[in-house]
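The values are calculated or read from the model by the stated rules, or taken from the named source; none is laboratory data. In this text the structure is predicted, and so the values were computed from the model without any measurement. Here Cβ is always computed from backbone atoms with ideal geometry, including for glycine, and neighbour counts include all displayed protein chains.
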Amino acid sequence: MPVVDRRTFLGLAASATLAGCATQKATGPAQGTSAFVSPGGPEVSAAEQARKPGRVRDFALTATANGLTWSYGGIVPGRELRVTAGEVVRARLDNRLPEATSIHWHGLALRNDADGVPGVTQEPIAAGAAHTYEFTAPHAGTYWFHPHSGTQFDRGLFGALVIEDPAEPLGYDQEWVVVLDDWLDADPDEALAELKKGMSGDHSMKHMLMGATSPLLGGDAGDVRYRDFRINGRTAADPQTFTAKPGTRVRIRLINAGGDTAFRVALDGHTMTLTHTDGFPLAHSETDALLIGMGERYDVLVTLKDGLFPLVALAEGKKAVARALVRTGSGRAPAPDFRPRALDGRVARYGKLRPAEHVRLPARQPDRTITLRLTGSMSRYDWAFNGKPYDPAVREPIAAGERVRLRFVNTTTMWHPVHLHGHTYAHADTGIRKDTSIVLPGMTLEADFDADNPGIWMVHCHNVYHQESGMMTLLGYRVQSGGSGSR
Ligand code: C2O
Ligand code: CU
């Protein structure tokens, strides 16, 4: 097992032993005096019951390794999972990988013990073992799943999870799920080990990417050199074709499953109507292109013209594209590296987006503000929050019922896609509801959420190399002492 894994798994194993006695660890002065809710505790069951679990839908997933490609069921992305909001997902995972794994259901406000963080919300699923996740799918929208074990998702372990709305308000004729990905063609643990040696010294620099810059990302665009970029597992030279009739109204569900790449996406010859981000509805707006960080999702509506149109995802700052083709009529595909002019048109920015009114959080002063300074540098490869690398035994305490504000202060010279588990926060300025947000260098993002889903929840950077080098932490709901309701 590579060194990196050993470090990770020792850390997790240590925390797994702690899980039962997290309260002890947490009684230190820095953590306050209250015990934390346990992931399988009564508060978690009560929150799940309140979701009124509906019909159970069974899924079987197998995690398999085939050389450098690890996947669900031998295909990348894995087969899409689709349920209706309110239904119960019961997904059995057979782990045929050579190491322990887990599945995290990204973006869902689900029961904490199904969140898939090994050593925190469950034991790692050992090689050769199986585990069944069972949870109510709470909100309609575009979600995805991937392991929360080391760098595994950068090997191809991911898939889309679509939660349909039983009363879908949008009108469209067809749907197209578009999963974006960066393909390393090497062992990501080896890449991480190289990155962690930093920029000094005379070690090999096979994987480190230098000089990738993007004005949209405020400078440095990424750390890792990928071999190519893919849409639904296919390269620009061998693209998937989506076929429909001219005039078809398509809902495109975009998911960035990349490890270290933001994509700028446009459909040649078309404008797009933005309808959702991270599963939650937006007030509709038109755009030529959008920027999507790792872990983010956007849904757009497009009315297709007549012809052949590339959907292009520019690997931002990395001088390469992924693409798929849309065919509604005759026409020849341009060269694989073709870039539609729309990529340089209006690019959707958070500041201009607004939430759909019915998903706006009611105005309220935060009861608690947690400041997370994003720290670290490329030269030391010491990405962290507040200068402290991840410690699974440390939890930022919060209490059920609070309005919590997360204040992400980016002190680094690089952008980071920050992600909160188990909740969909609201950007304090515009109110847009998200679970993963790009924080540009030197900028501060304030994200507010209502603490309504008890458990132990991760906050981390969704750059898998930053995450694994230490840019993660945990929020812990405190146990409310028997009805005293102390706040
Ligand atoms: Cu896709 Cu911890 O996240
Ligand atoms: Cu980061």
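Cβ-Cβ distances below 6 Å connect the following pairs, each with a first residue in segment 48-72 that is more than 11 Å from residue 135 (Cα to Cα) and of a type in the set (Phe, Trp, Tyr), a second residue that is assigned to a helix (DSSP H, G or I) and modelled with pLDDT of 95 or more, and a separation of six or more residues or different chains: 70/155. Figure legend. Inter-residue proximity from segment 257-282: first residues in a strand (DSSP E or B), second residues surrounded by fewer than 24 Cβ atoms within 10 Å (Cβ to Cβ) and at pLDDT below 95, beta-carbon distance below 6 Å, spacing 6+ or different chains. No pairs are indicated. Report whether or not residue 472 is in contact (Cβ under 8 Å) with a residue 24 or more places away in the chain, within 12 Å of ligand 2 (Cβ to nearest atom) and within 27 Å of residue 43 (Cβ to Cβ). Answer is yes for this residue. Taking first residues from segment 350-371 that are among the hydrophobic types (A, V, I, L, M, F, W, C) and partners that are in a loop (DSSP other than H, G, I, E, B), the Cβ contacts under 8 Å between residues at least 6 apart in sequence or on separate chains come to 353/430; 353/432; 361/431.
Just checking, does segment 396-416 include any residue being within 13 Å of ligand 2 (Cβ to nearest atom) and within 14 Å of the chain's Cα centre (by Cα)? Show your work before the answer.
Residues of segment 396-416 that are within 13 Å of ligand 2 (Cβ to nearest atom), as a first pass: 408, 410-416.
Within this subset, residues satisfying the condition of being within 14 Å of the chain's Cα centre (by Cα) are 416.
Yes, that holds for at least one residue.
The residue that is surrounded by the most Cβ atoms within 10 Å (Cβ to Cβ), counting only those in segment 208-236 that are without any contact (Cβ under 8 Å) to a residue 12 or more places away in the chain and assigned to a loop (DSSP other than H, G, I, E, B), is 210. Answer yes if at least one residue in segment 182-196 is buried (at least 24 other Cβ atoms within 10 Å of the Cβ) and away from ligand 2 (no atom under 16 Å from the Cβ), and no otherwise. The answer is no, given that none of the residues of segment 182-196 is buried (at least 24 other Cβ atoms within 10 Å of the Cβ) and away from ligand 2 (no atom under 16 Å from the Cβ).
If you check 145, 153 for being assigned to a helix (DSSP H, G or I), surrounded by 15 or more Cβ atoms within 10 Å (Cβ to Cβ) and in contact with a strand residue (DSSP E or B) (Cβ under 6 Å, 6 or more places away or on another chain), only one passes: 153.
Just name the residue that is farthest from residue 438 (Cα to Cα) out of those in segment 263-288 that are among the small types (Gly, Ala, Ser) and surrounded by fewer than 24 Cβ atoms within 10 Å (Cβ to Cβ). Checking each candidate, the answer is 269.
Among residues that are under 30 Å from residue 239 (Cβ atoms), touching a helix residue (DSSP H, G or I) at 6+ places or on another chain (Cβ under 9 Å) and of a type outside the set (Asp, Glu), residue 326 is not included. No other residue among 154, 115 is in contact with a Ser or Thr (Cβ under 8 Å, 6 or more places away or on another chain) and among the acidic types (Asp, Glu) apart from 115. A search for C-beta distances below 9 Å between a residue of segment 107-121 that is in contact (Cβ under 8 Å) with a residue 40 or more places away in the chain and on the phi > 0 side of the Ramachandran plot and any residue that is of a type in the set (Gly, Ala, Ser) and surrounded by fewer than 24 Cβ atoms within 10 Å (Cβ to Cβ), counting only pairs 6+ apart in sequence or on different chains, returns 119/11; 119/13; 119/14; 119/15; 119/16; 119/19.
Scanning segment 156-198 for residues that are assigned to a loop (DSSP other than H, G, I, E, B) and of a type in the set (Gly, Ala, Ser) returns 156, 167, 171, 186, 198. The number of residues in segment 298-347 being under 16 Å from residue 241 (Cβ atoms), outside any loop (DSSP other than H, G, I, E, B) and charged (D, E, K, R) comes to 2. Residues of segment 53-89 being of a type in the set (Lys, Arg) and either surrounded by 16 or more Cβ atoms within 10 Å (Cβ to Cβ) or out of contact with any Gly (no Cβ under 7 Å at 6 or more places or on another chain) (or both), which ones? 55, 57, 82, listed by residue number.
Any residue at all in segment 424-433 that's in contact (Cβ under 8 Å) with a residue 60 or more places away in the chain, at positive phi and touching a Leu at 6+ places or on another chain (Cβ under 9 Å)? Yes - at least one qualifying residue is present in segment 424-433.
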